[in-house]
Structures are given as structure tokens and as C-alpha cells.
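Undergrad: Before I ask anything, here is the structure I am working with.
The values are calculated or read from the model by the stated rules, or taken from the named source; none is laboratory data. Here the structure is a predicted model, which is why all the values come from computation and not from measurement. Glycine also receives a Cβ, built like all others from the backbone with ideal geometry; neighbour counts cover every protein chain displayed.
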Amino acid sequence: MSNTVKVQPDLKFVKELQAVGGDSLKKCYQCATCSVVCPLSPADNPYPRKEMVWAQWGLKDRLVNDIDIWLCHNCGTCSDLCPRGAKPGDLLSALRNMAYRNLGPLPIIGKWMSSSAGILPLAAIPAILYGIIWVVMAGKVGSFLPRFEFVDHAWKPVQEGGQIAFGGLFPGDYTIDPVFMLVFAFMLWAFFTGVRNMIKAFDSQPKTFIVGRKSAPTMLQALIDTFQYEILQHTQFNDCNDADADELDVKRAKGHRWLMFSFIALMIVTGVVATGHWGGWLLRTLGIESLGAIVSAIGHTPMPFYHPIKMLALVGAGLGVYGLIALTKRRVNLDAAKQSSSWYDWYLITLVWVIFGTGIGALVFRVVGAGILAYPTYYVHLIAVFMMLAYLPWSKLGHLVYRTVALSYAKKIGRIPMGADK
């Protein structure tokens, strides 16, 4: 006797899925072209054909627990060759968008992140916070556009001469650093919750994909392998963009890689500055004045242009702009009939452009002494950086964590091979 499977479609889920980028899924007639042409899809139980029919039937439980939505790198090959224009790649992207919204805690943030209407409350939180800091500090130093001199390890306001110093108006000790430490802790907590929910959902996955497999790697081994091959070497991107890849695919891979190197460089710069500042303070507090002064000098800002850390920051900014140009060109030139851009795509690109644009702009305006432009530009920069970090688990950039975990889990259970086995 055959087993009876009761199908309970979730029509609300289908409508939500269409709203976040899966609007063409109803066109699919299950020809399987998408699964055949995908360079990454496993031979056993391939995607995205099964995801298309699950979505059409509104099988929410299967889709939200499906690890395969994270294995897709959205090269667009399946959508390009789909004879019905069903855009399977857009469906998987839409499923990831829904995951960003629902995996982590505080669903209100996920709701705001899902449309342009949510930009106002998202931006208002850091804008009000840093606006209050600006007003309070302006009252303390006597000007909204002050000038400073650096005396005894601190910025002192001056009436004439001096220089523009963002650290004078927005002191790192009790405005910048504490706020971003709290934001970073909040982001880690949200990611921890999201990853925990993701792994719990993956428990329904088959635990054996390779018959006769000698031994499964540990999660740590799979995670290290993912960092080595998928993150640093972009192996999945290279497999996705095969020898026949067009110019847009090449721009995507290059833009992704250079932007990653840019963020790594800027993270190193931020780490050195923070270590120099707080390390120097700690050493001086312990009475080691000479060494404390040396450490403080290493991280003291603003740095001269010949400082190695400043040069690394400039290189990072240049790589970031280069990567953004490549990614933006690709996104603008996409054929909407084959592959679409969602709100999540443009939000992330725009936000990163604002971060780099205001960062570079604040530097230029500070150097030329245009305080009336430098301080407002830096204020916008703080808002943008806050938005990127605080809302990272609910944005498309959250794939840095979620996809890394999913790829590692897939390697652990044998859904995809370890990098050395390819």
C-alpha cells in the first residue's frame, strides 16, 4: 500500500515569496532545464527544479528548511536558459531574502528591511542618536563646526587656527567606541540566534549523501575548508562563472572579490586604530608612560598620508570603489526579462556606496579645511556604518555568515564535496 502524503499549500507564503522577488515562479512547467544547466547543483536531488514546484504548491515547511537555497550563488544561468522565463535564480534569491527577514530575532527589523518604507525608521535610530551627541558636544566645545589642537592625548577646542578633528566633536572614548561595541554585540547576538535557527532547520536534511563515505568531517573542519576555498579563493564563484561566462559574470566575481579584500583591509585599519588608542590608554593607566605613548601614536588619528596604516586605508577605499563600480555596472545592465534586482540588492549596494562615498568625502573635506562639509559628511558616514552593522543579520550582506554556515554544514553531511575533493 502506498503512503498518502497530504499537501497543505500556504497561499500567504506564496504571495510573500512573490513580493520579495519570486513573482515569476508560476511560469515554471518543470522541464528541469534549470537543474541540468546549473554548474553547482549536485547530481543527487538537484536544485532549483524541486524548489520551483515546492514554491508553486506553497510548501513553506520544505522551503524554509532547504539547505540548497544557500548553495546557489545566483549566477543566472538557469534564468537565462529557462524557456518559460520563470527565473529560478530569482526564486532562490527571494527565498534567501525571506530567510534574512525571519531567521534572526526582532522580526520588526526584518519587516523594515524588506521594503523602502522601512528606511525611515532604520535610519532614524542612528540619526537621532548621533544628532543628540552632536548637539551635546557642540554645546560643550562651543561650536557645531569646531577646530581643535591635540594636547596631552586629547583634542582641545580653539577659537582660531587648529584643525578639523572628528574625534574632537565625536569623541571615541564615550561616543563612537561604546556605541559601536554595543552595536557589534547586538549583531553577534542576532547572528547567533539566526545561525542556531538555521542549523535547527537543517536537522531535517538527510545525513548521508555519499554512500560508503569513510568519515564525515567535523563542523570545524568543514568551516575551515569553506573559509579556505569558498571565501578566500571564491571557488564556488569560479565554478559558477565557467569558461563561457559573459562579461557581467566576470564583473560580478571581480567586484565581489575586490570588495571583500577592501573590507579586510579596512578591518585591519580599524583594529590597529582601536588597539593603539585603548592599548595606549591601558599602558599609561598602568604607569608605563613611554610604551603607552608609543602605542597611542601608532593608532592616533588623523594619520599623515605617509603612515603605513593610512596607506592601507587608502588602498582599501580604492579597492572598495573599484569593486562597487563593477557590481553596480553588472546590476544596472542585467536583462530584467531573465534576472531581476530586488530591493535587498539595491539597498545593500546603495548603503555600501554611501559608506565609501562619505568616508572618502569626509577625508577630502577635512584635508581642505571645509568644516561646513566635513562634519555633516562624517555624521552621515556614522549613520551608514551603524545601519550596515546593526542590521547586517537582516540584510543581504547577512549571507557572509549564513551562507558560510550553510556551505560548511553541506560539506559536513556530504551534500557538496570538501574543497580538496573537487
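Undergrad: Within region 122-142, does at least one residue satisfy the condition of being part of a loop (DSSP other than H, G, I, E, B) and either in the same structural domain as A190 (by TED's automatic domain parsing) or surrounded by 14 or more Cβ atoms within 10 Å (Cβ to Cβ) (or both)?
TA: Quick first cut of region 122-142, residues part of a loop (DSSP other than H, G, I, E, B) only: 142.
Restricting the remaining residues to those that are either in the same structural domain as A190 (by TED's automatic domain parsing) or surrounded by 14 or more Cβ atoms within 10 Å (Cβ to Cβ) (or both) gives 142.
Looking through region 122-142, at least one residue is part of a loop (DSSP other than H, G, I, E, B) and either in the same structural domain as A190 (by TED's automatic domain parsing) or surrounded by 14 or more Cβ atoms within 10 Å (Cβ to Cβ) (or both).
Undergrad: Now, a different point. Among the residues of region 71-98, what is the count of those that are in contact with a helix residue (DSSP H, G or I) (Cβ under 7 Å, 6 or more places away or on another chain), under 21 Å from E16 (Cβ atoms) and assigned to a helix (DSSP H, G or I)?
TA: 11
Undergrad: Let me ask another. C34 versus (1) more than 23 Å from the chain's Cα centre (by Cα); (2) touching a residue at least 60 places away in the same chain (Cβ under 8 Å): which is the lone unmet condition?
TA: (2)
Undergrad: Quick check: is even one residue across region 254-263 in contact with a helix residue (DSSP H, G or I) (Cβ under 9 Å, 6 or more places away or on another chain), of a type in the set (A, V, I, L, M) and at pLDDT below 80? Working first, answer last.
TA: First, the residues of region 254-263 that are in contact with a helix residue (DSSP H, G or I) (Cβ under 9 Å, 6 or more places away or on another chain): 254-263.
Filter once more, so that each one left must be of a type in the set (A, V, I, L, M): 259-260.
Within this subset, residues satisfying the condition of being at pLDDT below 80 are none.
Within region 254-263, not a single residue is in contact with a helix residue (DSSP H, G or I) (Cβ under 9 Å, 6 or more places away or on another chain), of a type in the set (A, V, I, L, M) and at pLDDT below 80.
Undergrad: If I filter region 101-112 for residues that are part of a helix (DSSP H, G or I), within 18 Å of the chain's Cα centre (by Cα) and over 22 Å from W189 (Cα atoms), do I get at least one hit?
TA: At the first step, the residues of region 101-112 found to be part of a helix (DSSP H, G or I) are 101-103, 107-112.
Add one more test, that the residue is within 18 Å of the chain's Cα centre (by Cα), and what stays is 101-103, 109-112.
From what's left, over 22 Å from W189 (Cα atoms): none.
No - not one qualifying residue is present in region 101-112.
Undergrad: Which numbered condition in (1) closer than 27 Å to T404 by Cβ; (2) modelled with pLDDT of 90 or more is the only one that C75 fails?
TA: (2)
Undergrad: Still on this structure: Anything in region 37-70 that is among the aromatic types (F, W, Y), in contact (Cβ under 8 Å) with a residue 40 or more places away in the chain and part of a helix (DSSP H, G or I)? List them, or say none.
TA: So in region 37-70, the residues among the aromatic types (F, W, Y) come out as 47, 54, 57, 70.
Applying the additional criterion that residues be in contact (Cβ under 8 Å) with a residue 40 or more places away in the chain yields 47, 57, 70.
Of everything in region 37-70, those that are among the aromatic types (F, W, Y), in contact (Cβ under 8 Å) with a residue 40 or more places away in the chain and part of a helix (DSSP H, G or I) turn out to be W57, W70.
Undergrad: Of the conditions (1) crowded, with 17+ Cβ neighbours inside 10 Å; (2) acidic (D, E); (3) under 25 Å from G369 (Cβ atoms), E160 clears all except one; give me its number.
TA: Of everything listed in (1) crowded, with 17+ Cβ neighbours inside 10 Å; (2) acidic (D, E); (3) under 25 Å from G369 (Cβ atoms), E160 misses just condition (1).
Condition check ((1) in contact (Cβ under 8 Å) with a residue 40 or more places away in the chain; (2) surrounded by fewer than 18 Cβ atoms within 10 Å (Cβ to Cβ); (3) assigned by TED's automatic domain parsing to the domain that holds I325; (4) among the hydrophobic types (A, V, I, L, M, F, W, C)) across all residues:
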| site | (1), (2), (3), (4) |
| --- | --- |
| K254 | yes, no, yes, no |
| S262 | yes, no, yes, no |
| V269 | yes, no, yes, yes |
| A274 | yes, yes, yes, yes |
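Undergrad: Only one of A297, A336 is among the small types (G, A, S) and in a helix (DSSP H, G or I). Can you tell me which?
TA: Values: A336 fails: in a helix (DSSP H, G or I).
It is A297.
Undergrad: (1) hydrophobic (A, V, I, L, M, F, W, C); (2) part of a loop (DSSP other than H, G, I, E, B); (3) touching a Lys or Arg at 6+ places or on another chain (Cβ under 8 Å): which one isn't true of W346, the others all being true?
TA: (2)
Undergrad: Considering only residues that are part of a loop (DSSP other than H, G, I, E, B) and more than 28 Å from the chain's Cα centre (by Cα), look in region 8-27 and name the one that is surrounded by the fewest Cβ atoms within 10 Å (Cβ to Cβ). Working first, answer last.
TA: So the first thing to find is which residues in region 8-27 are part of a loop (DSSP other than H, G, I, E, B), and the list is 8-10, 20-24.
Subset that is more than 28 Å from the chain's Cα centre (by Cα): 8-10.
Working: Q8: 9, P9: 12, D10: 15.
The qualifying residue surrounded by the fewest Cβ atoms within 10 Å (Cβ to Cβ) is Q8.
Undergrad: Now for a different question. Go through region 28-61 and give me each residue that's farther than 24 Å from T235 by Cα, modelled with pLDDT of 90 or more and surrounded by fewer than 16 Cβ atoms within 10 Å (Cβ to Cβ).
TA: Y29, Q30, C31, A32, V53
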